[in-house]
Amino acid sequence: MPGDDVHSKLYPTLNMEEAEYIEIRSTVHGCRVTAGAFYKLHRNYNHPQLFAEGEVYVLDDDSRENYAVLLLCAATLYKL
């Protein structure tokens, strides 16, 4: 997330539906995200019967879609 301007506008949230960004607090080997970094949350709406609000993923450090980051890493959700 470029610039400190956006960081100053983020508020923690517990609601996954309103979350727009994620901060990785700790990671596991092979997850391809950086601990302490912020990532924008993206949503995949290809399976509405399973994910009414969209399946959440981040673009990891290799610029690939990472759907497992919320399952494998300790993280804090943020909204604008």
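The values are calculated or read from the model by the stated rules, or taken from the named source; none is laboratory data. Computed from a predicted model, the values in this text were never measured in an experiment. Here the Cβ positions follow ideal geometry from the backbone for every residue, glycine too, while neighbour counts run over all protein chains shown. All accessible areas refer to the heavy atoms of the entire protein, side chains included, with ligands and DNA or RNA removed. Shrake-Rupley method; radii C 1.70, N 1.55, O 1.52, S 1.80 Å.
Data overview
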{"quantity": "Hits in the range 1-60 (condition: part of a strand (DSSP E or B) and small (Gly, Ala, Ser))", "calculated": "Ser26"}
{"quantity": "In the range 50-80, the residues that are open to solvent by 40 Å² or more (accessible area, probe 1.4 Å) and under 17 Å from Thr13 (Cβ atoms)", "calculated": "Glu53, Leu70, Lys79, Leu80"}
{"quantity": "Unique residue being touching a strand residue (DSSP E or B) at 6+ places or on another chain (Cβ under 6 Å) and at pLDDT 90 or above when the list is Leu41, Leu59", "calculated": "Leu41"}
{"quantity": "Filter result for the condition that a residue is modelled with pLDDT under 85, farther than 15 Å from Leu80 by Cβ, more than 13 Å from the chain's Cα centre (by Cα) and exposed (fewer than 14 other Cβ atoms within 10 Å of the Cβ), over His29, His47, His7", "calculated": "His47"}
{"quantity": "Close pairs from the range 59-80: first without any contact (Cβ under 8 Å) to a residue 24 or more places away in the chain, partner surrounded by 17 or more Cβ atoms within 10 Å (Cβ to Cβ), Cβ under 9 Å, at least 6 apart", "calculated": "Leu59/Tyr39; Leu59/Asn66; Glu65/Tyr57; Glu65/Val58; Tyr67/Val56; Tyr67/Tyr57; Tyr67/Val58"}
